[in-house]
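The values are calculated or read from the model by the stated rules, or taken from the named source; none is laboratory data. Worth saying up front: this structure is predicted, and the values here are computed from it rather than measured. Cβ placement follows ideal geometry from the backbone for every residue including glycine, while neighbour counts extend to all protein chains displayed. Each accessible area value is taken on the protein alone, full model and side chains, heavy atoms only, with ligands, DNA and RNA left out. Shrake-Rupley method; radii C 1.70, N 1.55, O 1.52, S 1.80 Å.
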Protein chains: 4
Amino acid sequence: MFFASDNSSPAHPKVFEALAKANEGYASGYGADDVTKSAAQKIRDLFEAPEAAVYFVPTGSSANALALSIMVEPWQTVFCHQNAHIEEDECGAPEFYIGGGKLALVEGEHAKMSPDALRKSIEFTGRAGVHNMQRGAVSITNVTENGTVYSVAEVTALTAVARDYNLPVHMDGARFANAIVSTGATPAEMTWRAGVDILSFGGTKNGLMGVEAVVIFNPEKAWEFELRRKRGGHLFSKHRYLSAQMDVYLDDNLWLDLATNANAMAAKLSEGIQQIEGASLLHPTDANCVFARFPRSGHQAAHKAGAMYYLWPFNQSLEGAPEEALAARLVCSWSTTDENVETFLAHLR
Amino acid sequence: MFFASDNSSPAHPKVFEALAKANEGYASGYGADDVTKSAAQKIRDLFEAPEAAVYFVPTGSSANALALSIMVEPWQTVFCHQNAHIEEDECGAPEFYIGGGKLALVEGEHAKMSPDALRKSIEFTGRAGVHNMQRGAVSITNVTENGTVYSVAEVTALTAVARDYNLPVHMDGARFANAIVSTGATPAEMTWRAGVDILSFGGTKNGLMGVEAVVIFNPEKAWEFELRRKRGGHLFSKHRYLSAQMDVYLDDNLWLDLATNANAMAAKLSEGIQQIEGASLLHPTDANCVFARFPRSGHQAAHKAGAMYYLWPFNQSLEGAPEEALAARLVCSWSTTDENVETFLAHLR
Amino acid sequence: MFFASDNSSPAHPKVFEALAKANEGYASGYGADDVTKSAAQKIRDLFEAPEAAVYFVPTGSSANALALSIMVEPWQTVFCHQNAHIEEDECGAPEFYIGGGKLALVEGEHAKMSPDALRKSIEFTGRAGVHNMQRGAVSITNVTENGTVYSVAEVTALTAVARDYNLPVHMDGARFANAIVSTGATPAEMTWRAGVDILSFGGTKNGLMGVEAVVIFNPEKAWEFELRRKRGGHLFSKHRYLSAQMDVYLDDNLWLDLATNANAMAAKLSEGIQQIEGASLLHPTDANCVFARFPRSGHQAAHKAGAMYYLWPFNQSLEGAPEEALAARLVCSWSTTDENVETFLAHLR
Amino acid sequence: MFFASDNSSPAHPKVFEALAKANEGYASGYGADDVTKSAAQKIRDLFEAPEAAVYFVPTGSSANALALSIMVEPWQTVFCHQNAHIEEDECGAPEFYIGGGKLALVEGEHAKMSPDALRKSIEFTGRAGVHNMQRGAVSITNVTENGTVYSVAEVTALTAVARDYNLPVHMDGARFANAIVSTGATPAEMTWRAGVDILSFGGTKNGLMGVEAVVIFNPEKAWEFELRRKRGGHLFSKHRYLSAQMDVYLDDNLWLDLATNANAMAAKLSEGIQQIEGASLLHPTDANCVFARFPRSGHQAAHKAGAMYYLWPFNQSLEGAPEEALAARLVCSWSTTDENVETFLAHLR
């Protein structure tokens, strides 16, 4: 009953097989190896983007920060939701890699920016010439930090606003697989066809050990990305061990199968919780994260049984919080089982 | 016959066993797991440094740059050899993490700083009050970029100079294991007992997939390091996969065994080359890297046979270079075999 | 009828006299001259702060950014009002000098932070350990960007919140003189006695050509400030020309006399506008800035007569805006005359 | 007898007249005033560069650092002489504004880079792909820090090397007027016609209070410069006081007249010193700075008589240094008189 985070899950066994295979013999370093070429090509094929530049980095923060650093200048603003991971959970990595920069926090329910709020924020930023930070880029998180998913139409509505101001668009897809499973869109439809310029394509939260791809659909700044990656200490010498994870991830729809399980388990969990008296959802369960309020007695029983999850928001305490505030974030992953969910629900009841 | 770099070697099989073991079940993220605690404790024990703060990062550049960033201010200078890895091979990672900074390039034969040259450089830097960059820290690379090794006495002579100016000392130990095998010193003798404040303790080049430890002997700035690591995108969520590599590395002297093989193979290779007519060493072979000049015919035969290595310096070309300039960098690793060396030597002859 | 900004005013004649006097003969550069010593001492005396470190810089942005850069680390947050000058009008200078950093935008009416909103913002920032930006410092603008003034009690209420979290406090006093005149507080009462650690003490907007003092009440980081000032390109070689302005500013209460006129003219203007039918204030007129809404016909008459001022907010246009939105920012200075105000009011009526 | 620095001289009386005239009435801030337009146009005319973007900043360090920041990326290298002001006297301002960056130190006699040494340094920097810092720009200081002057032919020889690698060229012309007087070249010949892309055009050392112009011959990055200037805190609100200095400087050849006196006084001083027994020049006296070695007795007599100058290099002491090392830097300015020089020489003898 481990619902603390999808990054607490183990890696999928196939990842180990792939690593073992990649480990045979010598290989050139820094990405000049065959498995890196293979994995990058699979991503280009998957996204129907033969020109895309594809790079592998070890963490979601490095993917996001490096991506943003080639999209905005130090005196520019990134427009994102006020609960975006880049704002709340990266200790200023974007500002560090951008060399200054500012994040303008856009409002919207369930961690989804509304196009109107985005437009208002962009308008506000650009109003005073040289005295203001300038408009830089838009960053969309999909799946959001509240577990909701933007549809392709919703993404397109945001990128349309960005285009009105000639701003490039980044998508933080740490849980991109879950968003694809949730919407049924193709990777191309969710990204470049919807107006996304650079995607952080997550693997770590969905069954890999630790690798994310940065997919740059217009490769004009690819070399700059390579230099920034090196300079950030993110260019792996034994690069094959990053690439091999991503390579197997894309074989036989593994990435989708893993996300399908995570989403299905969250749906089951969400439905179960809603049937409990006094329980309710904070946000729709669109993907693999459930945000729900339920009675203190349920929390106590679950904790006693060893269930692991965060109260929500993070700084709550089970004992001190008033009954009406007792909410939880419950994250399912590729390895969550029906039994995990059922046992947990049994304790809650 | 792969002598291009030690980072072209595969990872040792025991690393895979350790990863598979670490993969069982769920684990808290971001380093709050048991294997991280275990590996850190093993390092504290190994270095006889019970107070040391120990952190794991994925690359040598991130280890060095993060370490230096808590040692110097943006307006300070790092004193290092002009051929140091931090100067030549990290695309400005130290300057990026420091937020400016400057590297003062100290002279010395075979990539080893001489104490006098170090003192001269420090004296020169601090001469003009507010107008100059200020004195910051000293960084010693051991094994050096020319394959030579500082003895404990040599390290101590450099740290004594640093102490005269109250400067902290960093050691870039990407090949620390090879230096320990070469000198017979204990890890404590080579570091904090010799006046080193922070060590980048390498694993990647010596048989791991990709992990380095930063060992901070005085843990006063440990929290700052954690924040900088996070902000740099180097805090792994599934942290156990970094730590498990380092954990097994320190079991049963594996780290020393691997380096012992690498050094022994380099010694054998070095001796063999010196017996070839017209061949000579550029630098003493103290550890696992051989820098040698040998006839063009030898190069041609080796290349024809598929041997992989870099001409030295990097920008040479086999055909264009004059006979007297034809040198090679040959790096041995844990996986280099007697047969590799013998076959290679046979081609050279 | 020039109400666009107090920085559109000329410099006071006494400033020229002082510069001419300072120009006699040779003087050591970089602040090692007598007039710099004199001006710094006058500030220490004025603030009853014999230990304070005092530095002169040419602009308000450099004063604020340099001050903040010695108060917060690159991974920390500055808490300020959402309309603070450091947020809206410095093109990211604080983030540039801090080397990253983030400004957390605190709410409150009339550009004044409320202690509760400040506490809420600080609480929110510090909630998630290494993953978040950390709490850094509080910055209070007095006079605010809406022309309101914090009383000493209001400042103290904010610094008390800061002290609860051990955060240092900066005051942006670009219009400090106007705040002192408005409140009748002494400089010491408004700053260190109220819990302010560093003050940007403005001169440019109040009759000087271009100089601001940074007053660091606890001089522990004075040397760091000097290095950052140099590194920012703000250490003047012919330093006497900065200092002489500030030196004469503090003679015979010139700085207060100038602000007294500016505040008095604004009060008169404010009263006059309020008597116009359909006119109203947006914010209280506490100092030298009037924010008022008045009929389109008044705007048109004023513009026709050559009055200079900004519609408010900045991105309004006189013709396009609806009647109810037609507001103006009107700034008075040391050189505004009764006649200026009366003529302007006559046009508005 | 004040030969410590040209920045110890007073400002020329005409500068005060111009400031007083510029002080009449109100003026728009931030450079949108008439005197700024006038001064910028005079520079464009003087340099025969009708398209050039011209900006005014208060210090030489801000001019150089801002200029370089629009020429190189954070991962690139500026090639300059090892004694360049940007290397030795700006406390890392270039690295701060560039956001990292590295200065590669080129050799050459009398603080002048030799084309061969420049080429060698550029070649060395670019040798290893993504692992190295990349080639960025060349910066030429004219007058050099040793008082020597590059001829137009010498500048052209350096820019030709830069062009071979597509590198832009910056000229640090803190003493540009002295270089022009020394060579007889026109401003255009010395800059864009010789391959210079951006010039820091000094005023402060040559009789102004504190202003330098940045002349950007290709204005493509003018807007970026404006944003960086603002962000650096160098955009003056009461901008007319910067511009008025530069405006009068260019009237009636004032700038050349002032430099002509400085150079003539240095020539006279240099000749006089060479006639003293045991005296000799360290560097040719091409402009307004004399670097000479002369007997201890001369130093003692001069000091006793109150002469002000620096021993050279800076960290010498008159008593401790051996006789053969006793050298001085003697800087003449617009205000140095025949009598100053003669009296000083009399003491030396």
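Observations, loosely collected:
- Long-range tail of P(r) for the stretch D:22-123 (Cα pairs > 19 Å, %): 59
- The mean sequence distance of close C-alpha pairs (under 8 Å, at least 6 residues apart), as a share of the length of chain C, puts its relative contact order at 23 percent.
- Rounded Å value of the spacing that divides the Cα centres of the stretch C:268-342 and the stretch D:189-237: 37
- Shielded by partner chains, the stretch D:47-84 residues - at least 40 Å² of accessible area, 1.4 Å probe, vs chain alone: D:Thr59, D:Trp75
- Taking amide H as placed 1.01 Å from N in the peptide plane, A:Trp312 has its amide H under 5 Å from the amide H of A:Ala327, A:Ala328, A:Arg329, each at least 5 places away in sequence or on another chain.
- Overall, the accessible surface of the protein assembly as shown at a probe of 1.4 angstrom is composed of carbon and sulfur to the extent of 49 percent.
- Looking at the stretch A:4-112, the GluC sites (Glu not before Pro) that sit in a DSSP loop and have at most 13 other Cβ atoms within 10 Å of their own Cβ are A:Glu24, A:Glu51.
- In chain A, the DSSP beta bridges split such that about 55 percent are antiparallel, to the nearest 5.
- Close amide H contacts of B:Gln134 (hydrogens built in the peptide plane, cut-off under 5 Å, sequence separation of 5 or more or a different chain): B:Gln76, B:Thr77.
- Projecting 7 Å from Cα along the Cα-to-Cβ direction, the label point of D:Pro284 sits 4.7, 7.2, 7.9 nm from its equivalents in the other copies, listed shortest first.
- Scanning chain C for the Cβ atom closest to the axis that brings C onto D yields residue and whole-Å distance C:Pro58, 3.
- Pairwise Cα inverse-distance average, inverted: Kirkwood Rh of the stretch B:255-348 (Å): 13.2
- Label-point separation, C:Arg296 to D:Lys37 (7 Å along Cα→Cβ), nm: 3.0
- Calculated [θ] (222 nm, deg cm²/dmol) that DSSP helices of n ≥ 4 give over the protein assembly as shown, each run adding -39,500 (n - 2.57): -12000 deg cm²/dmol
- From the largest down, the stretch A:7-56 spans 32, 30, 15 angstrom on the principal axes of its Cα atoms.
- Cβ-derived FRET efficiency at R0 51 Å, A:His303 paired with B:Ala160, nearest 0.05: 0.35
- Rolling a 1.4 Å probe across the protein heavy atoms gives the protein assembly as shown an accessible surface of 33 Å² per residue.
- Interface residues of the stretch B:208-228, defined as those with an accessible-area decrease of at least 40 Å² between the chain by itself and the complete set of protein chains (probe 1.4 Å), are B:Met209, B:Trp223, B:Leu227.
- What the Cα convex hull of the protein assembly as shown gives, in volume per residue, is 179 Å³.
- FRET efficiency, C:Glu123 to A:Tyr310 (Cβ-Cβ, R0 25 Å, nearest 0.05): 0.90
- Each Cα pair under 8 Å and six or more residues apart adds its sequence gap; the mean of these over the residue count of the stretch C:77-178 is a relative contact order of 29 percent.
- Bridge type composition, the protein assembly as shown - antiparallel percent by DSSP, nearest 5: 55
- Those residues of the stretch D:91-136 for which accessible area with every protein chain present is at least 50 Å² below the isolated value (1.4 Å probe): D:Cys91, D:Glu95, D:Phe96, D:Lys102, D:Arg127, D:Val130, D:His131
- Taking every alpha-carbon pair under 8 Å whose residues sit at least 6 apart, the stretch A:255-348 reaches a relative contact order of 37 percent.
- Shape box of chain D [Cα atoms, principal axes, largest first, Å]: 59, 56, 32
- 7 Å along Cα→Cβ, label-point gaps from A:Leu256 to other copies, nm, shortest first: 5.4, 7.7, 7.8
- For D:Ser317, label point 7 Å along C-beta direction: distances to other copies, nm: 5.8, 6.1, 7.1
- Counted residue by residue at 0.36 nm each, then reduced by the alpha carbon distance between them, the extension gain from B:Gln275 to B:Glu324 reaches 15.9 nm.
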